[in-house]
Amino acid sequence: MQDTVHALQDQVNAALLGGDWEALNSLIAPDARIIGPKGFIIDRDTWIGVHKESGYQQVRLEPTETETHAYDNAGIRFDLVDSECRYKGETITGRFRVCQVWVTDHQRWQLAAVQYTSLA
């Protein structure tokens, strides 16, 4: 199960980098919550919407120090992520500790929560 959670998060990262909004809608639970590095909370559609904006481009997501834990109906992945994006012509880089919570009903896995902590 740890391998499943690890691979699913890699798919989310690839979808963010590649602009694959259909994959993100499928992989992320409709009621998911994302906590940003400054403590704000947004829902899935808002998070995907930010990434879809024409002025936004995710350029790099490099997870390191990855650790995954699996439970009966859930999995948690912790990453140290070096990130780079471009927003309206400005390049923004950062290093974040990221916690991703995955849940399953034993038929389908979905990302239920993400929390970013800035290490800058």
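Observations on the model:
- Ranking G39, F78, Q9 by how far each Cα lies toward the positive end of the dipole of the chain (charges on Cβ) leaves G39 at the top.
- Percent antiparallel among DSSP beta bridges (both partners in the chain, rounded to 5): 90 percent
- Projected over every direction and averaged, the convex hull enclosing the alpha-carbon atoms of the chain yields 6.9 nm².
- Kirkwood-Stokes translational diffusion coefficient of region 28-94, alpha-carbon pairs, 25 °C, 0.890 mPa s, µm²/s: 177 µm²/s
- For the chain, size of Cβ-based charge dipole, Lys and Arg +1, Asp and Glu -1, in debye: 360 debye
- Acute angle (nearest 10 degrees) that the helix 2-18 long axis makes with the longest principal axis of the chain, alpha-carbon atoms: 20 degrees
- Here the contact order of the chain, divided by its residue count and restricted to Cα pairs under 8 Å and six or more residues apart, works out to 26 percent.
- K52, K38, K88, reordered so the largest accessible area comes first (probe 1.4 Å): K38, K88, K52
The values are calculated or read from the model by the stated rules, or taken from the named source; none is laboratory data. Quick caveat, the model's predicted, so the values are computed rather than measured. So basically every Cβ, Gly included, is an ideal-geometry build from the backbone, and we count neighbours across all protein chains shown. With ligands, DNA and RNA removed, areas are computed over all heavy atoms of the protein, side chains included. Shrake-Rupley method; radii C 1.70, N 1.55, O 1.52, S 1.80 Å.
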